[in-house]
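Trainee: For reference, the structure I am asking about is given below.
The values are calculated or read from the model by the stated rules, or taken from the named source; none is laboratory data. These figures come from a predicted structure and were not determined experimentally. All Cβ positions, even for glycine, are placed from backbone atoms using ideal geometry, and neighbour counts span all protein chains on display.
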Amino acid sequence: MHLSTPIQTPTRVRYGVLVFACALSMITYLDRVCMGTVGPFIQSEFHFGDLELGIIFGAFTFAYAIFEVPTGWLGDMFGPRKTLIRIVLWWSLFTALTGVVTPSDWVLFTLPGIDTRWISIPTIGVGLSFAALFAVRFLFGVGEAGAYPNIARAFHNWFPFQERGFASGAVWTAGRFAGGATPAVVLYLVTVMEWRHTFWLFGAIGVVWGILFWWWFRDRPEQKAGVNAAEVALIHARERPHTEGPLQVPWRRLLSSGNLWLLCGMYWCGAFGWYFNITYLPKYLKEQFHLEAGPDAFTAQWWSVTLLAGLPLLFGSTACLIGGVLTDQFIKRTGNRKWGRRLFGMLGHGLCAACYFAAIAMPNAWLFVLGIALAAFWNDITMGASWASCIDIGGRYSGIVSGCMNTIGNLGGFIANIVTGLVLRGFAGGIDKETQMPAYLEATRPAWTLNFMMFGGVYVIAVVLWAFFDSTKPVAPGAVATEEPLP
């Protein structure tokens, strides 16, 4: 009598990888949004102007951008496990060191000013405290760079392509949710301790994650105890067998891929407007709507400030998961991976632009933030499709491709930080903010309108770029190791 072999049910160890990735995403946003929340405290204590504050914000963004590709490459070469441990320990150190910098009157050197028809930048004396804070935030950005590209690389090893949109969306949902909750957490903590101590606490959290991750995670499912053969087969369905060996990166073919540059350009546009949510939003609420959390927690004003400051990221957190699920479901039902990624990119960024333009006319803080939060929601509908696209076209070079996209995107955020400060400075002219606050606020109101017009405008450009992007075209021959063409 012939007995059939029972079909093995795949294990779900890959979702443990997703839990660690989501926790890491939450920590990244906890650390970076903390700086935007305490920005008004730092500006007051260190006597920084708008431009100086924008440069401090930009220090992290610029470093984070330019080190994305190198750390993505490290993940492709040496595996995400070792690379992520290095990333987390490094950024945790410089998160903690942010709280060590104190004000100083020492001036290291002076930068000459620029005064032309189109731009006016005053002479700036670069003090020791400014230089120290810039250096610490720059090195923090160096450390945090590569976190998401290496998560993408881990997902390439651990998730089948039809689940990558969901996994990518879940990671960004976790990060955005943590970012949305951070203003309330930080503003509560500064009522019971110095703002500096929050950076020490958040740095310690990163170290704990690193220890647990090193103990549990392995680069490939075949190396992890508890993963059965059915789950390995599910993950690697339609792939050629994995072969070990040094990774040879076809840099010329990769960097000449028009498809990659379309993806990078789209992400540049998305980050340009989005960074306002984690940098200048608390300052805007304080100056334009007179909303500022007082020394006591849980007052009506405190709740208003924390909710309004976190609302864009909270809206975005739901959109990341929704967008990730929608892009995967579209592909499963239609078999069309090209439009499965493209459609949600165009839709999300188009509606995001409309929300930014609408927010300009809002008469009060709640309606204004609602407009900005809806813009964040539609922007983040695209996150699952964006990061899944990196894996789709990157394949075994997913870390590098993700790093390229995140590099260009965060350069957009860096430029936005600086441009926002320059526009504010240009409209304020020589008005002293400390002694002429009413005049300063009146002068900068049209500057904010111009900034929001720019934010919305770049999202329109993103829609055009999405229209030409094709997620079925790999960045280089052999990048996607499949036995048959994917839909």
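Trainee: Over 27 Å from VAL17 (Cα atoms), hydroxyl-bearing (Ser, Thr, Tyr) and in a helix (DSSP H, G or I): does that describe THR182?
Mentor: no
Trainee: Okay, next question. If you take the residues in the range 430-441 that are at pLDDT 80 or above and not aliphatic (A, V, I, L, M), which one is surrounded by the most Cβ atoms within 10 Å (Cβ to Cβ)?
Mentor: Result: TYR440.
Trainee: Now for a separate question. Under 9 Å between Cβ atoms, which residue pairs at least 6 apart in sequence (or on different chains) link something in the range 13-35 that is free of Cβ contacts under 8 Å to residues at least 60 places away in the same chain with a partner that is not charged (D, E, K, R)?
Mentor: Here the result reads TYR15/ALA167, each pair linking the range 13-35 to a residue that is not charged (D, E, K, R).
Trainee: Turning to a different aspect of this structure: Looking at (1) surrounded by fewer than 19 Cβ atoms within 10 Å (Cβ to Cβ); (2) assigned to a helix (DSSP H, G or I); (3) free of Cβ contacts under 8 Å to residues at least 24 places away in the same chain, can you tell me which one PHE427 breaks?
Mentor: For PHE427, the failing item is (1).
Trainee: Let me ask something additional. If we keep just the residues of the range 118-167 that are in a loop (DSSP other than H, G, I, E, B) and touching a helix residue (DSSP H, G or I) at 6+ places or on another chain (Cβ under 6 Å), which is modelled with the lowest pLDDT?
Mentor: GLY146
Trainee: Here is a follow-up. Filter the range 20-60 down to the residues that are closer than 22 Å to PRO312 by Cβ and of a type in the set (D, E, K, R), then identify the one that is farthest from the chain's Cα centre (by Cα).
Mentor: If we take residues in the range 20-60 being closer than 22 Å to PRO312 by Cβ and of a type in the set (D, E, K, R), then ASP50 is farthest from the chain's Cα centre (by Cα).
Trainee: Any residue at all in the range 386-405 that is at pLDDT 90 or above and more than 30 Å from VAL142 (Cα to Cα)?
Mentor: Within the range 386-405, none of the residues are at pLDDT 90 or above and more than 30 Å from VAL142 (Cα to Cα).
Trainee: Here's something else I'd like to know. With the structure loaded, tell me whether PHE357 is at pLDDT 85 or above, part of a helix (DSSP H, G or I) and over 30 Å from ILE331 (Cα atoms) or whether it fails that test.
Mentor: It is true that PHE357 is at pLDDT 85 or above, part of a helix (DSSP H, G or I) and over 30 Å from ILE331 (Cα atoms).
Trainee: Could you list, in sequence order, the residues of the range 462-474 that are buried (at least 16 other Cβ atoms within 10 Å of the Cβ) and either touching an Asp or Glu at 6+ places or on another chain (Cβ under 7 Å) or of a type in the set (A, V, I, L, M) (or both)?
Mentor: Hits for the range 462-474 are ALA462, VAL463, LEU465, SER471.
Trainee: Give the residue, chosen from ILE400, ILE408, ILE381, ILE393, that is touching a Ser or Thr at 6+ places or on another chain (Cβ under 8 Å) and either small (Gly, Ala, Ser) or surrounded by 20 or more Cβ atoms within 10 Å (Cβ to Cβ) (or both).
Mentor: Answer to the selection: ILE393.
Trainee: Please pick out the residue among PHE41, PHE46, PHE109, PHE78 that is out of contact with any Gly (no Cβ under 6 Å at 6 or more places or on another chain) and at pLDDT 85 or above.
Mentor: Matching residue, one of PHE41, PHE46, PHE109, PHE78: PHE78.
Trainee: Next question. Can you confirm whether GLU287 is in contact (Cβ under 8 Å) with a residue 60 or more places away in the chain, charged (D, E, K, R) and in a loop (DSSP other than H, G, I, E, B)?
Mentor: Considered against the rule, which asks whether it is in contact (Cβ under 8 Å) with a residue 60 or more places away in the chain, charged (D, E, K, R) and in a loop (DSSP other than H, G, I, E, B), GLU287 comes out as no.
Trainee: Could you tell me which of the residues MET346, MET362 is more than 16 Å from the chain's Cα centre (by Cα) and more than 30 Å from MET437 (Cβ to Cβ)?
Mentor: MET346
Trainee: Listed residues TRP268, TRP302; which is in contact (Cβ under 8 Å) with a residue 24 or more places away in the chain, assigned to a helix (DSSP H, G or I) and within 23 Å of MET193 (Cβ to Cβ)?
Mentor: TRP302
Trainee: Within the range 162-196, which residues are farther than 27 Å from ILE42 by Cβ and surrounded by fewer than 24 Cβ atoms within 10 Å (Cβ to Cβ)?
Mentor: GLN162, GLU163, PHE166, ALA170, listed by residue number.
Trainee: On to the next question. Give TRP195, TRP216, TRP172 a once-over and let me know the one that is under 25 Å from ILE85 (Cα atoms) and more than 16 Å from the chain's Cα centre (by Cα).
Mentor: Result of the check over TRP195, TRP216, TRP172: TRP216.
Trainee: I need every pair where a residue in the range 222-233 that is on the phi > 0 side of the Ramachandran plot has its Cβ under 9 Å from the Cβ of a residue that is buried (at least 18 other Cβ atoms within 10 Å of the Cβ) and of a type in the set (S, T, N, Q), sequence separation at least 6 or different chains.
Mentor: Note: pairs meeting the criteria are GLY226/THR11.
Trainee: Could you tell me which residue of the range 49-71 is surrounded by the most Cβ atoms within 10 Å (Cβ to Cβ), considering only residues that are small (Gly, Ala, Ser) and at pLDDT 80 or above?
Mentor: ALA65
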